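Report on one structure; see the data block that follows.
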Amino acid sequence: MENEQECVGNVKQQLAKLFDASLKATFPTGPDVEPLVAACTSKFGDYQCNNAMGIFSKIRGQNTEYKKPASVGEAIVKNLPPSEMIESCSVAGPGFVNVVLSKNWIAKNIQKMLIDGIETWAPQLQVKKAVVDFSSPNIAKEMHVGHLRSTIIGDSLARMLEFSNVEVLRRNHVGDWGTQFGMLIEYLFEMFPNFEDVNETAIGDLQAFYKASKQRFDSDPAFKERAQKAVVSLQGGEPKYHKAWARICEISRKEFDKVYKCLKIQIEEKGESFYNPYIPGIIETLSEQGLVEESQGARVIFIEGVNIPLIVVKSDGGYNYASTDLTALWEDIHNDCSVATDLSVFLYRLNEEKAEWIIYVTDVGQQQHFDMVFSAAKRAGWLPADGSTYPKVSHVGFGLVLGEDGKRFRTRSSEVVRLVDLLDEAKSRSKTELIKRGKDEEWTEDELEQTVEAVGYGAVKYADLKNNRLTNYTFNFDQMLNDKGNTAVYLLYAHARICSIIRKSKKDIEELKNTDSLVLDHADERALGLHLLQFSEVVEEACSNLLPNVLCEYLYNLSENFTRFYSNCQVVGSAEETSRLLLCEATARVMRKCFHLLGIEPVYKI
Ligand code: ARG
């Protein structure tokens, strides 16, 4: 516990501190255990400390005063330092210690957040700098729904880490290098002799261009030969080839940027081509360490427990996905690509700006690739062997997006779904819905447009993020745009309604929060207040386990808690009006922060 910084909003952490003190006082000579504190939803309490049973089994048989686990629980309660956060404690069953928090303490903390800002509820993580490698489409190939998932999940993880004061490098590891460029370049030369003037409208559809060049490659041996030579020329740095390559990348990039613009994604491109010149040095270093072996003409690294080795140099002498990823990983943890020179050692020591956590967001199909890259990096001593200390690497895998037929999501003509089309459709459907509600009459065009985008794109993002990322999910516009149930639309409307309650009261919240106090006397006020206060620990959990769905679940429950409160507690016109308005405001603020962390734009009226 010692090196963990404290976050004012983190209830669990604060309770853990109290229990830690009690455990040390109760068992000064050991066993030395970490406090196990968890939120619970029982009628006995808000949190539980679950150490008694474990301790009892450790001291059992030693001649102590404790004859059953419950008496260990009693002693833990007795030695708990006095604290204003706790209302009461009780021991239940085989020794669970239940904690009821003080409602005044909850209220005070929420009010404090209203005054000092929700940033004071940001979790404190041990990491200071992280890389989130996400989206990462391939040049000239389709950016498919898998890339959409990576983009949405990666952006949300980056947002949560940024909120937690981690410096995040948002990395677009685009597939912009490799043998496919030979055929693309040759085909470009063939189709457009003045290729430098070619723009995206001339090529039209880069995917179709890719397909056509592939067809040419497969059917014409002479073309194939030229394409293979083109790869060599490109890798040799011949200007004409390099220019053609850059042109193709540029056209592709414009396509990707359309998606990023719609979804408001910030990301920095550092593609495969960046690492290419450094690969030989890295392979050299790994070879000197004795890690690289010959196998069937290729150069490979064997990984314990895996029967196929990681190929780092193909039998034709070329590099591959793995050699690039190893080099990129080296670069991230050393912040310097040149290796095995005294200078690099010097820079390595000097430079404190290294990434401590490198996170890769791809479909689960790439899990084995990353496991092997990570194992190789551990064998090389780049990463700690047990994965418990920094630098740390994590593969964030996700499942498939399915169509209504339960198969991979495709268009009717079984083409890959174009992301831009999909986003356009979400937007136009949300527009139709809002026009049906007469909003085009009620709002300005700008307001309508903004809401249409917030709702449409928000729906797509939320439908993805709310599932545990490892599971497959079915893409369904009707479902995600439904205003009932666990959808972005429902949540955005709920938030807008809270804002309208506040507006209609005609009270100045900025003034109220400093002059009036928040009280949580009604059971539903207290339940809502407690849920609000758990925001920080939920974000922390979502960050540490890299699971945005944890935050979605929290947000949905928040909305449910609010509905219960609002149907049972009159706000405007009641004796408790000011306090309840403050509770409304706190709910709206936490909801907005959740939206922000999920990459969803809030709406204020509906
Ligand atoms: N371009 C790859 C793909 O489309 C994803 C790259 C992920 N990042 C990485 N460092 N390998 O599957």
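The values are calculated or read from the model by the stated rules, or taken from the named source; none is laboratory data. Model, not experiment: these values are computed from the prediction. A quick note on method: Cβ atoms are made from the backbone with ideal geometry, for glycine too, and the neighbour counts reach across all protein chains shown.
General observations
- Odd one out for residue 128, checked against (1) closer than 30 Å to residue 364 by Cα; (2) away from the ligand (no atom under 16 Å from the Cβ); (3) buried (at least 17 other Cβ atoms within 10 Å of the Cβ): (3)
- Selected residue (criterion: surrounded by the most Cβ atoms within 10 Å (Cβ to Cβ)) from residues of region 36-72 that are touching a Leu at 6+ places or on another chain (Cβ under 6 Å) and part of a loop (DSSP other than H, G, I, E, B): 51
- Selection of first residues in region 218-242 that are in contact (Cβ under 8 Å) with a residue 12 or more places away in the chain and of second residues that are surrounded by 13 or more Cβ atoms within 10 Å (Cβ to Cβ) and in a loop (DSSP other than H, G, I, E, B), restricted to Cβ pairs under 6 Å at least 6 apart or on distinct chains, gives the following pairs, ordered by first then second residue: 231/179.
- Each residue in region 290-333 was checked for being within 22 Å of residue 394 (Cα to Cα), of a type in the set (D, E, K, R) and either within 16 Å of the ligand (Cβ to nearest atom) or modelled with pLDDT of 95 or more (or both), and 3 of them qualify.
- Boolean, residue 138 is within 15 Å of the ligand (Cβ to nearest atom), farther than 30 Å from residue 534 by Cβ and free of Cβ contacts under 8 Å to residues at least 40 places away in the same chain: yes
- One residue from 256, 274 being under 30 Å from residue 160 (Cα atoms), within 16 Å of the ligand (Cβ to nearest atom) and free of Cβ contacts under 8 Å to residues at least 60 places away in the same chain: 274
- Residue list for region 179-206, filter: within 16 Å of the ligand (Cβ to nearest atom) and either without any contact (Cβ under 8 Å) to a residue 12 or more places away in the chain or surrounded by fewer than 19 Cβ atoms within 10 Å (Cβ to Cβ) (or both): 179
- Residue match in region 376-390 (condition: within 12 Å of the ligand (Cβ to nearest atom) and either farther than 16 Å from residue 322 by Cα or among the hydroxyl-bearing types (Ser, Thr, Tyr) (or both)): no
- Selection status of residue 313, free of Cβ contacts under 8 Å to residues at least 24 places away in the same chain and of a type outside the set (Gly, Ala, Ser): no
Every residue, every condition in (1) part of a helix (DSSP H, G or I); (2) within 16 Å of the ligand (Cβ to nearest atom); (3) under 30 Å from residue 307 (Cα atoms); (4) modelled with pLDDT under 95, yes or no:
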position: 343; (1), (2), (3), (4): yes, no, no, yes
position: 348; (1), (2), (3), (4): yes, no, no, yes
position: 355; (1), (2), (3), (4): no, yes, no, yes
position: 359; (1), (2), (3), (4): no, yes, yes, no
position: 366; (1), (2), (3), (4): yes, yes, yes, no
position: 370; (1), (2), (3), (4): yes, yes, yes, no
position: 395; (1), (2), (3), (4): no, yes, yes, no
position: 428; (1), (2), (3), (4): yes, no, no, no
